[in-house]
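K.L.:
Pasting in a structure now, in structure tokens, and then I'll have a few things to ask.
Every number here is computed from the coordinates shown, using simple stated rules; none is lab data. Since the model is a prediction, treat every value here as computed from it, not as a measurement. FYI the Cβ positions are ideal-geometry reconstructions off the backbone, even for glycines, and counts take in every protein chain you see.
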Amino acid sequence: MKRIIGIIIILVAIVGVLIGIAGTYIGFSFVDSIGAGIASSLNLTQDSLDTVIETLELTKTTISQSNDALATVETTAGSAATTISDTRPLLEQIGTVASNDVPNSIEAFQGTVPNLAEVAGAIDQTLRALSAFKVDQDLGFTTFTFDLGIDYDPEVPFDESMTALGDSLNGLPENLRTLDTYIAVTSDNLATISQNVNQIAEDLAVINGSIAEVIPLLDDYIDIVQQIKDGMANVQTAVDAQLGNVKLGILVVFIWFGLTQLAPLYLGIELVRGGRDESDKKDEPEMSAGADEREEKEE
């Protein structure tokens, strides 16, 4: 009976040792699986943080370029406003000349046209007379011919040309004087445009200043994300260390569990051995009695 109990105890102890080995293997596998999952999550988080950093860097570059472009547009708008504002005096001066001085000069010229036409008529008659002057005298032994070499016979007389020129200027002074109204309106429009462009330049300066303030914020965000990424790397190192400690703890626990099976194993072995010793002791008296009986029969 003791041998049976000993065998059972030995089997239980062996099963306990196997459970310790299997538990160590399963525990290590479980811890490795958890470590792999945590590492995968941390790596994914770090990749996401890298993407965030790249996005912030790209955004920073884009905003910086936009800032430079807006600064250029602001400068251009300011220069355009100044140019338009400086053009107004010139335009007003041109308007004064075109709507006042030129019409007065044309009217003055038209006033002299009749006198010029009269003078032109006299010149025309004189030139015609000189053109018609010719001496053709027969001297008997020869012919004497003489002229002034002037050939003047225009299709339109000189005085009529001057009169036509004066008539062609009729109405032009009045038309030129009407330009003053349009030039004044144009000058007012230029003043409005100059003010609007100048306001645009000021608004661009405000917007550009606001955009410039975003760049330091992006730098702060980039630093924060970088710190989080570095923290993730430290967490990975700490998790690896803690998982190593957990595996060591599992190993110690199951080694202890395996060692606790040594006592039952030893007890079982002793019970098995003790059962055999008792059987041997029982067999020895029987063998001694049988030997005595054989000796008595022989006597």
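K.L.:
Could you give the length gained on full extension between Ala129 and Ile7, defined as 0.36 nm per residue of separation minus the Cα-Cα distance, in nm? Please report the intermediate quantities before stating the final value.
P.N.:
Numbers: separation 122, 0.36 × 122 = 43.92 nm, distance 16.71 nm.
Here the answer is 27.2 nm.
K.L.:
Right, here's the next one. At Gln199 and Glu160, where each label point lies 7 Å from the Cα along Cα→Cβ, what is the point-to-point distance in nanometres?
P.N.:
Rounded to a tenth, the inter-label distance reads 6.3 nm.
K.L.:
Could you give the spread of the C-alpha atoms of region 2-275 along their three principal axes, from largest to smallest, in whole angstroms?
P.N.:
Principal axes ranked by extent give 194, 53, 22 Å for the Cα atoms.
K.L.:
Same structure, new question: Work out how far the C-alpha atoms of region 72-138 reach from end to end along every principal axis, then list the three figures in whole Å, largest first.
P.N.:
The principal-axis extents, from largest down, are 93, 28, 8 Å.
K.L.:
Right, something else. Can you compute the FRET efficiency between Thr82 and Asn234 using 1/(1 + (r/R0)^6), with r the Cβ-Cβ distance and R0 = 45 Å? Round to the nearest 0.05. Let's see the in-between values first.
P.N.:
Values: r = 58 Å, r/R0 = 1.29.
The formula returns an efficiency of 0.20 here.
K.L.:
Which of Leu90, Leu169 has the fewest other C-beta atoms within 10 Å, and how do the rest follow up to the most? Mind showing how you got there, number by number?
P.N.:
Working: Leu90 10, Leu169 14.
Listed from fewest to most nearby Cβ atoms, that is Leu90, Leu169.
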